[in-house]
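Student: Quick one: structure below, then a few questions.
The values are calculated or read from the model by the stated rules, or taken from the named source; none is laboratory data. Computed from a predicted structure; not experimentally measured. Cβ atoms come from the backbone with ideal geometry, glycine included; neighbour counts cover every protein chain shown.
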Amino acid sequence: MTATPDPVEVGASEYRHDEGKKGATRGKSRDVETSLKARVLETEDTKIHNGIKDVLGGLEADLRREIESFHSEIAKGRDLFQRELNNVLLRVDEMGGDLAL
């Protein structure tokens, strides 16, 4: 006599086997989803980082132009002050010569 397996047990065993496959597939799907989310976040972070770098680069260029402009204005002021000081010293010299006569 051949023994016939109990259909309920075979069905239950096959069901658990299918559930195991589904669980593995779900696990892989979650891994892929997690990986994709991480890539999206990295891409977004990179875009934000590059945007910040661009803005800071523009601000740096603006600041450099302003500093150069201030240096130029300071040089003009220094030159004007030097000319005026020389004029005053010349007058003082002339007054000293007039006083000596």
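Student: Conditions: (1) under 27 Å from the mean Cα position of the chain (by Cα); (2) at pLDDT 95 or above. Phe70 meets all but one. Number of the miss?
Tutor: Exception for Phe70: condition (1).
Student: Can you run down the residue pairs with Cβ atoms below 7 Å, 6 or more apart or on separate chains, where the first is in region 58-72 and in a helix (DSSP H, G or I) and the partner is modelled with pLDDT of 95 or more and of a type outside the set (A, V, I, L, M)?
Tutor: none
Student: Also, I was wondering about something else. For Leu63, indicate whether it is at pLDDT 90 or above, of a type outside the set (D, E, K, R) and either surrounded by 10 or more Cβ atoms within 10 Å (Cβ to Cβ) or over 19 Å from the mean Cα position of the chain (by Cα) (or both).
Tutor: Against the criterion (at pLDDT 90 or above, of a type outside the set (D, E, K, R) and either surrounded by 10 or more Cβ atoms within 10 Å (Cβ to Cβ) or over 19 Å from the mean Cα position of the chain (by Cα) (or both)), Leu63 qualifies.
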